[in-house]
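Quick notes on the structure that follows.
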Amino acid sequence: MPSAFGWCAWHKGHAEDLRLIQIHEQGSGAGGNLFACGPCRQAHHLVPLADRP
């Protein structure tokens, strides 16, 4: 899987190896997506959306 670089919502900093964790649906607000890096996924037991059943 290709590596992505961007903002990790858990440690609030730039990182590589980001994966999409949560989608905030757009209702009356802006919406948006939350991404986490590998170390944060491990530390917080986060499962990327693509890996969920």
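Residues in region 23-35 that are of a type outside the set (D, E, K, R) and either touching an Asp or Glu at 6+ places or on another chain (Cβ under 9 Å) or without any contact (Cβ under 8 Å) to a residue 12 or more places away in the chain (or both) were compared, and the one that is surrounded by the fewest Cβ atoms within 10 Å (Cβ to Cβ) is S28. Go through region 12-22 and count every residue that is under 15 Å from L46 (Cβ atoms) and open to solvent by 90 Å² or more (accessible area, probe 1.4 Å). So the answer is 1.
The values are calculated or read from the model by the stated rules, or taken from the named source; none is laboratory data. Keep in mind that this is a model prediction, so the values were computed, not measured. All Cβ positions, glycine included, derive from the backbone under ideal geometry; neighbour counts span all protein chains shown. Note: areas computed on protein heavy atoms with side chains; ligands, DNA, RNA excluded. Shrake-Rupley method; radii C 1.70, N 1.55, O 1.52, S 1.80 Å.
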